[in-house]
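The structure appears below as structure tokens.
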Amino acid sequence: MNRLRARILIILVAAALPAILLVSVLAYRAYDVAKASAFDALERDVELMTSRFAAIPVGSARMAWLLASAVAWDASPETRCEANIRAVLPAFPGFNNLFVYRNDALICSAADSQMRPTSISELGVEALRAGESRVSLLDDKTGAPVIYAAARGSGAASDFVAILTVDRDFLNRLLAIFRSYGSSRALLLDKSGKSLGAPLSAQDDTTLQLAFPLPEQERVSFAFDSAGRSYVITSRKLASPDIWLVTRQRDSDVLADARNQLTLAVIAPVLTLLLVGFAVWLGLTRVVIHWVVRLTKATRAYAEGNLGSRVGDASAAPSEIAELAQRFDGLADRMAERSVELEGEVFQKRRYIRELHHRVKNNLQVIASLLALQKRNLSREQRAVLRFPEDRVNAMAAAYGVSYAQTESGFVGVLAVVREVITRLQPGVEGRHPHVSVTITGEDRQVDLDMAIAIAMLLAELAPRFLDASVDEAHLAVFDVVLDAERLAVDISSSGISERSPVNRLSDRFTRAYMRQLGAELDNSRDDRIGLVIPMAAITAEKGLTPIASIG
């Protein structure tokens, strides 16, 4: 069933995979569009911020020109001049320092502690013509760059030069307005990377991986901090002076909406397909696989020998499976009926076979008894003639007797046959019982009756002379029988045999014939002992008994 489930799963995956791939491609295209939109929105925010800072130099130049053109600077005492400057600056937020020069001489100023007074010649603005202005950068006492505007008055005030600096706090407030995303931050940098606003933090130093001097063109790049977080970096140069507006923000914030859209675009249809696949899987399991498992269990149990195994009521199953279950149960019922009939016939035939073996045994015993009675009225030489058929009849009777006693199938225990043959051969020794010792080792195994008769007949050829020699109390006939998985070994010996008996040609022919049939080996190198070895593979194979008439 696991293989069936695996095949169904493969079919479902194969059916859903094209749809999943199509959805993934469409979702990725939508993600690209959303990603481009996110970067466009960021560009617009940066452009808006850039326009705000681009107006600062222009406004500073215009403001410096207005202040330089005022005609009241020369008419006022120095203290009044500075008072006027300090009264003017608060009216124009964004400026924090003002220096007024006349003929390269500082008339008055209003400067914070970070600003050092600078002569007009150090700034290089003495060559300004009347009405001209210039915007550039200079460093304060901390070395941080500051935007300044220098302008020469026009008309009657053409001898005055005003230098105006932009307040860094004002720039910081403007930079703080840039909050496109939660992680956004904007910075003003000069070409060497110095900040015009708040000083760079350690995180800015990590994420703002820019090459200085900064490029003139607009630039968007990506950078990573020490924690492995990715940032989007933008840089734009202001028209004047050499100032760049640089922003940084986490790319996860910039692309959050695009990624959420991608996630929804992928997960929703994929989840739907998975739910549909699970529903189909569950339906197949309950409607089809359940009944297939039930049918498989019933057929497997039946094949393993449980002939009473049935599928049972399958009316709730699909019609095809229900019909198959009904057919199987009907076939099993008919097979059960036929099995009962065959068992009855086999039982009857076994009874017939057993009765036949019983009658054969009785007939052979009658024949043996008749021969024994006939021997009593004959001379010693004549009794020796009848001894040959008597022993052979007793051997066959022993095999059939064991078959009748043990089984009805035509198979008998080989050790039981050997024991019975030795027992039946003893009374035929001149009417006297010999002294016999029988030792049997091993677990009995069944062989075909034909093979058992061949073994009995072979023993009838080999054992009589040892039994004859043991009728005297001083001698003992020893039968040592060993049976294992590979062979049947029979060792016969007697101390009463002093020399080899004359060869009986008929007995010798029978002996060789039965040994060929059994694949046996015979060791008769000694007069008082013989060793018979019969391979079990030969007597357990299906072989027929060679007819006596063909023995030659």
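The values are calculated or read from the model by the stated rules, or taken from the named source; none is laboratory data. Predicted model, so just to flag it, every value in this text is computed and none were measured. Positions of Cβ are backbone-derived with ideal geometry, glycine not excepted, and every protein chain shown enters the neighbour counts. These area figures cover heavy atoms from the full protein model, side chains too; ligands, DNA and RNA do not enter into them. Shrake-Rupley method; radii C 1.70, N 1.55, O 1.52, S 1.80 Å.
Could you tell me whether region 412-428 includes any residue that is modelled with pLDDT of 90 or more, part of a strand (DSSP E or B) and in contact with a Lys or Arg (Cβ under 9 Å, 6 or more places away or on another chain)? No, that holds for no residue. Inside region 28-40, residues that are of a type outside the set (Asp, Glu), open to solvent by 30 Å² or more (accessible area, probe 1.4 Å) and within 15 Å of Tyr181 (Cβ to Cβ) make up a count of 3. On inspection, Leu12 passes the criterion of being surrounded by 18 or more Cβ atoms within 10 Å (Cβ to Cβ) and either within 30 Å of Leu284 (Cβ to Cβ) or among the β-branched types (Val, Ile, Thr) (or both).
Residues of region 240-262 that are assigned to a helix (DSSP H, G or I) and either at pLDDT 80 or above or open to solvent by less than 60 Å² (accessible area, probe 1.4 Å) (or both): Asp251, Ser252, Asp253, Val254, Ala256, Asp257, Ala258, Arg259, Asn260, Leu262. Scanning region 304-333 for residues that are open to solvent by less than 90 Å² (accessible area, probe 1.4 Å), part of a loop (DSSP other than H, G, I, E, B) and hydroxyl-bearing (Ser, Thr, Tyr) yields a single hit, Ser309. Does Thr285 satisfy being more than 30 Å from Ser184 (Cβ to Cβ) and at pLDDT 85 or above? Here the answer is no, as Thr285 does not meet what is asked.
Each row is one residue, and each column tells you yes or no for (1) in a strand (DSSP E or B); (2) crowded, with 20+ Cβ neighbours inside 10 Å; (3) touching a helix residue (DSSP H, G or I) at 6+ places or on another chain (Cβ under 9 Å); (4) modelled with pLDDT of 90 or more.
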position	(1), (2), (3), (4)
Ala149	yes, yes, yes, yes
Ala162	yes, yes, yes, no
Asp169	no, no, no, no
Gly182	no, no, yes, no
Pro199	no, no, no, no
Leu210	no, no, no, no
Pro213	no, no, no, no
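Among residues that are free of Cβ contacts under 8 Å to residues at least 24 places away in the same chain, open to solvent by 30 Å² or more (accessible area, probe 1.4 Å) and in a helix (DSSP H, G or I), Leu275 is included.
Among the candidates Ala336, Ala301, Ala368, the residue that is part of a helix (DSSP H, G or I), within 23 Å of Leu506 (Cβ to Cβ) and either among the small types (Gly, Ala, Ser) or open to solvent by less than 30 Å² (accessible area, probe 1.4 Å) (or both) is uniquely Ala368.
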